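The values are calculated or read from the model by the stated rules, or taken from the named source; none is laboratory data. Because the structure is a prediction, the values reported are computed rather than measured. With ideal geometry, Cβ positions are generated from the backbone for all residues, glycine too; neighbour counts draw on all protein chains shown. Just the protein is used for accessible areas: all its heavy atoms, side chains included, with ligands, DNA and RNA removed. Shrake-Rupley method; radii C 1.70, N 1.55, O 1.52, S 1.80 Å.
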Amino acid sequence: MKKLKKLFAVMLSLIMVLAMGITSFADEAAPKATITVNGLDKNATVTYKQIIRPNTKTETGWEFVDENDITAFPKNATESYTTQDEQTVIWKLIKMVSGDATVTNMPAGTTAFSTSEYQAAVGRIATSDTTGVTYTTTDPKSANWSVSSAGVYVVNADSKKDGAATAYTYAPMAAYISFGSYNTETGVPSTLENATVTAKSTTVEITKEANETDKVVEVGKVVKYTATTKMPYVSENGKITSYKLVDTIDGAEYVKEAEGEHAGKVHVTGTVGTDSIDTYVDVVKNNENGKDTITVDLTSFLTNNAHANQTVVIEYYAKVTQLEVNNTIVPDDGQNTYRPAEDRLYTGTVTLTKTGEGDKKLADAKFVLKKTYKADAKVEYAIVTATDTNGVYKVTDWTANLNNAKEASNLMTTIANGTITVKGLDDTTDYVEYEFQEIEAPKGYSINKTNSSVAWATEGNGVEAANRTGTASMTDTKLSALPATGGIGTTIFTIVGCGIMIAAAGLFFASRRKENR
């Protein structure tokens, strides 16, 4: 209401000046003024239309540019004013500003439009002019354009992207261009005053992000999600009576409270302006899209527009369960359909190559994947499942028990080309190190006791998150030869030994016979 009073106060000043003898506004040397709209989102577009302009030949000193716009203003609960009621409508607008003050020539009994009636009327006026509108590149951005006539301009803004659902809708705006001085002979204003209005969004852009800034994460990791938006501005004639944020996740599961009165619920924290959010919400399992959903109700913050356009931040946690995570959040006001914000996370892929002497590719080597946390040297082993018969596995969980990881069903086995491919890992060496540990060597080879560390060849090289890969390699040596037992070699030794003994005995008895002679 204060802004409306200010707007029409300047209009009232112009009326008084016009009444003192201005006869016409000439077209020559028309001055310029700039209308600026602040607080727009990055995809916003602005349209405008001048609805009231000066005309010293009318009783108010003003007229409607398009007489059809007069019918946008309500006469009563069921009727609107007609094109013949132009001056009556303008007097009622002036009355909104003048209040009980005496205005020359104002008809007795004139009543002001209510704020809601005025807002509703402005909202019914279509706008289409965009010529000369320029935008800043900052976010939130501004729009501005030049005009050459005093008067009232209706301004509308919206935000769409690629024909998708609305990201923002804005309350209709009115900008008033007044003049600072004028030529007393011609009546032409020598200057026009610039006007600035701030866009009031009825619902707002929303952003979503995880604390995994490179968008690559491992299966089993707990990720913090943050959504940022603004509380909507609710006009008096608006139909918005509730405001919720609906969050949907696929490829991960919301982290729920394990015990206590909030067991099974998701803990959501955050702020609306300077006020805190600390709530627990239920998980809707497998909604109509087959995904899990939580809803954060912010309706209480709509009251009296006390938090209108204030920044909203909410946070919660989710555990990654699949190779790709898609998380979306969208406002729900019960009236409009809005474009959701989306955050995607991916997992990295590692390939181990197993070789023997001469770079021979070795099949049938069996491995587990070991993970060591750098902060505390804690060790875990991957629980995996085979995705096909081509040596490709995906991580499904982690265990601290090596014996569990060494179960035959969990061992990863190299194929003919000597490789194992593992999906579901984080492409970082900042907080963990991955190593392949050989559990069983191929036949004829010995186990390599030195684990093979993973190197992320694509880390930090601008490769898209969906295509992050790493490598590892290991070489085995052949088993050393050992003497056999129970074979033909023993028989030969026995025969030779017996022969030697027989020969020795023969020589002994022959020598004795000679001595006796």
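For the stretch 17-46, a residue qualifies if it is at pLDDT 70 or above and not in a loop (DSSP other than H, G, I, E, B), and the qualifying residues are A33, T34, I35, T36, V37, N38, G39, L40, A44, T45, V46. Against the conditions (1) at pLDDT 95 or above; (2) aliphatic (A, V, I, L, M); (3) open to solvent by less than 10 Å² (accessible area, probe 1.4 Å), L93 satisfies every one except (1).
For the stretch 148-188, filtered to residues that are modelled with pLDDT under 60 and among the aliphatic types (A, V, I, L, M), the residue that is surrounded by the most Cβ atoms within 10 Å (Cβ to Cβ) is A167. Residues in the stretch 350-362 that are of a type in the set (K, R), in contact with a Ser or Thr (Cβ under 9 Å, 6 or more places away or on another chain) and surrounded by fewer than 18 Cβ atoms within 10 Å (Cβ to Cβ): 1 in all. Check the stretch 103-118 and report whether any residue there is closer than 30 Å to K42 by Cβ and out of contact with any Phe, Trp or Tyr (no Cβ under 9 Å at 6 or more places or on another chain). Among the residues of the stretch 103-118, not one is closer than 30 Å to K42 by Cβ and out of contact with any Phe, Trp or Tyr (no Cβ under 9 Å at 6 or more places or on another chain), which makes the answer no.
Take the conditions of a type outside the set (A, V, I, L, M) and at pLDDT 95 or above and apply them to Y254. Does it pass? When the stated conditions are applied, Y254 passes them. Of all residues being open to solvent by 40 Å² or more (accessible area, probe 1.4 Å) and of a type outside the set (A, V, I, L, M, F, W, C) in the stretch 96-115, which is farthest from G151 (Cα to Cα)? Just the residue, please. Filtering first and then ranking leaves G109. None of A341, A308 is out of contact with any strand residue (DSSP E or B) (no Cβ under 7 Å at 6 or more places or on another chain) and not polar (S, T, N, Q) except A308. Among the residues making up the stretch 446-464, those that are at pLDDT below 85 and either crowded, with 17+ Cβ neighbours inside 10 Å or not charged (D, E, K, R) (or both) are A457, T458, E459, G460, N461, G462, V463.
Among the residues of the stretch 276-286, those that are in a loop (DSSP other than H, G, I, E, B) and surrounded by 12 or more Cβ atoms within 10 Å (Cβ to Cβ) comprise D282, V283. Any chance the stretch 269-286 includes a residue that's at pLDDT below 90 and more than 21 Å from the chain's Cα centre (by Cα)? There is at least one residue in the stretch 269-286 that is at pLDDT below 90 and more than 21 Å from the chain's Cα centre (by Cα).
Return yes or no: is E438 open to solvent by less than 30 Å² (accessible area, probe 1.4 Å), assigned to a strand (DSSP E or B), among the acidic types (D, E) and at pLDDT 65 or above? Against the criterion (open to solvent by less than 30 Å² (accessible area, probe 1.4 Å), assigned to a strand (DSSP E or B), among the acidic types (D, E) and at pLDDT 65 or above), E438 qualifies.
Here T241 fits the description: part of a loop (DSSP other than H, G, I, E, B) and open to solvent by 50 Å² or more (accessible area, probe 1.4 Å). When the stretch 379-396 is examined, which residues are found to be at pLDDT below 95 and charged (D, E, K, R)? Result: D388, single match. Within the stretch 252-275, the set of residues being surrounded by 14 or more Cβ atoms within 10 Å (Cβ to Cβ), under 23 Å from T229 (Cβ atoms) and in contact with a strand residue (DSSP E or B) (Cβ under 6 Å, 6 or more places away or on another chain) comprises A252, Y254, V255, K265, V266, H267, V268, G270, T271, V272.
Restricting to the stretch 363-388, and then to whatever is assigned to a loop (DSSP other than H, G, I, E, B) and within 11 Å of I420 (Cα to Cα), can you tell me which residue is least open to solvent (accessible area, probe 1.4 Å)? Restricting to residues being assigned to a loop (DSSP other than H, G, I, E, B) and within 11 Å of I420 (Cα to Cα), the top hit is A365.
Scanning the stretch 470-484 for residues that are farther than 19 Å from D359 by Cβ and either at pLDDT below 85 or surrounded by fewer than 17 Cβ atoms within 10 Å (Cβ to Cβ) (or both) turns up S480, A481, L482, P483, A484. When the stretch 371-417 is filtered for residues that are without any contact (Cβ under 8 Å) to a residue 40 or more places away in the chain and charged (D, E, K, R), the ones remaining, listed by number, are D376, K378, E380, D388, K406, E407.
If you take the residues in the stretch 53-82 that are within 49 Å of the chain's Cα centre (by Cα) and among the hydroxyl-bearing types (S, T, Y), which one is most open to solvent (accessible area, probe 1.4 Å)? Of everything passing the filter in the stretch 53-82, T78 is most open to solvent (accessible area, probe 1.4 Å).
T127 fails exactly one of the following numbered conditions: (1) open to solvent by 30 Å² or more (accessible area, probe 1.4 Å); (2) touching a strand residue (DSSP E or B) at 6+ places or on another chain (Cβ under 7 Å); (3) in a loop (DSSP other than H, G, I, E, B). What is the number of that condition? Of the numbered conditions (1) open to solvent by 30 Å² or more (accessible area, probe 1.4 Å); (2) touching a strand residue (DSSP E or B) at 6+ places or on another chain (Cβ under 7 Å); (3) in a loop (DSSP other than H, G, I, E, B), the odd one out for T127 is (1). Residues in the stretch 61-116 that are part of a loop (DSSP other than H, G, I, E, B) and closer than 27 Å to V234 by Cα: F73, K75, N76, A77, T78, E79, Y81, G99, T111, A112, F113, S114.
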